[in-house]
Amino acid sequence: TIYESAVELLTRETVAAFDLSQEPEDLRRAYGKGLFGQGCLLARRLIERGTAFVEVTLDGWDTHADNFGRLAPLTQQLDSGWATLMSDLEQRGLLEDTTILWMGEFGRTPQINGAAGRDHFPRAWSCVLAGGGVAGGQAYGKTSDDGTRILENAVDCPSMLATLCAALGVDPSRVAMS
């Protein structure tokens with residue numbers, strides 16, 4: 001099966017990355033004990049071992065109802081896992097060679113709907129690029145104060161992905177066929 005083939009590609013060292021009990025308990029707590037936080041810790045361990053691409057997901061952002069009640073636990077998980085990952089990579093000398101992309105597939109409406117939620121808003125969305133030679137401390141683009149219009153530097157998905165490619169050292173104009 002495809003899973004057996006994937007497992008055959010793993011080295012003994014990569015398999016060892018999955019044993020999070022080898023990490024100090026205080027560091028595991030700093031990442032957060034939930035799946036996202038521990039996923040961020042696993043990501044760091046895989047990156048240390050040369051894994052080229054790692055994805056960590058945090059589901060639940062589709063807050064069409066009870067936006068504020070549902071966001072609190074999500075942002076707590078995100079903040080601890082992501083912040084600890086960034087500082088851990090930096091302390092280990094890995095952040096400069098690791099590009100981090102944080103994003104979702106949609107922005108959210110600036111207005112709260114009748115169910116106390118926020119709906120899809122594809123006109124304006126946020127993402128964060130960090131590490132990997134990306135100059136930090138920047139914000140690009142600007143919406144109106146009420147968040148309904150893009151005022152400066154609109155970026156579409158292909159342009160954002162081209163920026164990611166450039167950060168990874170991949171020529172975004174090159175077509176690769178397999």
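Restricting to the stretch 49-82, count the residues that are outside any helix (DSSP H, G or I), in contact (Cβ under 8 Å) with a residue 40 or more places away in the chain, open to solvent by 70 Å² or more (accessible area, probe 1.4 Å) and not acidic (Asp, Glu).
Residues in the stretch 49-82 being outside any helix (DSSP H, G or I), in contact (Cβ under 8 Å) with a residue 40 or more places away in the chain, open to solvent by 70 Å² or more (accessible area, probe 1.4 Å) and not acidic (Asp, Glu): 1 in total.
Which condition breaks for Asp146 when tested against (1) part of a strand (DSSP E or B); (2) touching a residue at least 24 places away in the same chain (Cβ under 8 Å); (3) surrounded by fewer than 12 Cβ atoms within 10 Å (Cβ to Cβ); (4) of a type outside the set (Lys, Arg)?
Result: Asp146 fails condition (1) only.
What tally of residues in the stretch 18-32 results from selecting those that are at pLDDT below 95 and under 19 Å from the mean Cα position of the chain (by Cα)?
Result for the stretch 18-32: 0.
Please tell me if Arg12 is out of contact with any Leu (no Cβ under 6 Å at 6 or more places or on another chain), surrounded by 12 or more Cβ atoms within 10 Å (Cβ to Cβ) and of a type outside the set (Val, Ile, Thr).
The answer is no for Arg12.
Is at least one residue of the stretch 84-97 touching a strand residue (DSSP E or B) at 6+ places or on another chain (Cβ under 6 Å), in contact (Cβ under 8 Å) with a residue 12 or more places away in the chain and surrounded by 12 or more Cβ atoms within 10 Å (Cβ to Cβ)?
yes
What about Val134, is it within 17 Å of the chain's Cα centre (by Cα), in a loop (DSSP other than H, G, I, E, B) and surrounded by 14 or more Cβ atoms within 10 Å (Cβ to Cβ)?
Criteria met by Val134.
Go over the candidates Leu129, Leu151 one by one and state the one that is over 18 Å from the mean Cα position of the chain (by Cα) and not in a loop (DSSP other than H, G, I, E, B).
Leu151
Looking only at the stretch 98-126, how many residues end up being among the basic types (Lys, Arg) and either assigned to a strand (DSSP E or B) or over 21 Å from Asp145 (Cβ atoms) (or both)?
Count: 1.
Here are some residues: Leu85, Leu89, Leu46. Which one is touching a Cys at 6+ places or on another chain (Cβ under 6 Å) and in a helix (DSSP H, G or I)?
Answer to the selection: Leu85.
Is it true that Gly107 is over 26 Å from Leu46 (Cα atoms), open to solvent by less than 50 Å² (accessible area, probe 1.4 Å) and modelled with pLDDT of 95 or more?
no
The values are calculated or read from the model by the stated rules, or taken from the named source; none is laboratory data. The structure presented is a predicted model; accordingly, all values stated were derived computationally and were not measured. Backbone-built Cβ (ideal geometry, glycine too); neighbour counts: all protein chains shown. The protein model used for the area step is the full one, side chains on, heavy atoms only, and it has no ligands, DNA or RNA in it. Shrake-Rupley method; radii C 1.70, N 1.55, O 1.52, S 1.80 Å.
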